[in-house]
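Working notes for the structure below.
Every number in this text was worked out from the coordinates using simple rules, so none of it is lab data. Computed from a predicted structure; not experimentally measured. Cβ sites come from the backbone with ideal geometry, for glycine too, and all protein chains shown count toward neighbours.
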Amino acid sequence: MTAAGQAPDNKPAQLIDAINQVFALFRLNYHNQFYSAYADTDLLNQAKRLWLDALSHFTEKQILTGAKKVIETSDYLPTLNRMIQSCEEQGNESGLPSPHDAYMEACNTASPKSAASWSHLAVYYAGVETGWYRLANEAESASYPAYQDNYRRICRSLSQGEKLPPIAETALEEKEKLPLSKDESLKQLASLKEQLGF
């Protein structure tokens, strides 16, 4: 049971109000689509709870501005994924760049990465988790989704009060395994065959 004045699941009342405002804006702007998608109150409430959980790491301002941007640019009722993207594009007070801007920064920053001046530590740590070699050598279509997932997860953690450690002055993260040359691969294969008795 929720005490008077408290929001369910420890969600701030302002955030719940922002989600309610977003759905009111969608109802006004996408009238027929809205009533088709949310035919009954139970379905609407389930959608609001889902959106509340998924958007809880954004500020109320980001959510409302993101919703207005979606309304201005789309003829169709947005999906939750489209809303998340729109909120990310709005920026925030903590200085986090959008996922794509963070990705481009991670890809274009020169080595050693640990000595670079990053716009935010989240950009660096998402690069570490994705892998610098991968970011430097794979096409954007392959490496960006992985980077985006890592970056979003780190941003959610930050919004829940977690702190990122300062970047270590060592370049250990720079020493990812590079692909072996053909000769080195053959030597390792021969060594492995010898160990296994082949």
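If you go through region 123-159, how many residues are buried (at least 21 other Cβ atoms within 10 Å of the Cβ) and aliphatic (A, V, I, L, M)?
Summing the residues that are buried (at least 21 other Cβ atoms within 10 Å of the Cβ) and aliphatic (A, V, I, L, M) in region 123-159 gives 4.
Counting only residues that are free of Cβ contacts under 8 Å to residues at least 40 places away in the same chain, in a loop (DSSP other than H, G, I, E, B) and of a type in the set (S, T, N, Q), which one in region 49-87 is surrounded by the most Cβ atoms within 10 Å (Cβ to Cβ)?
Result: THR59.
Would you check if there is a residue in region 108-119 being within 30 Å of ALA37 (Cα to Cα) and among the basic types (Lys, Arg)?
Within region 108-119, not a single residue is within 30 Å of ALA37 (Cα to Cα) and among the basic types (Lys, Arg).
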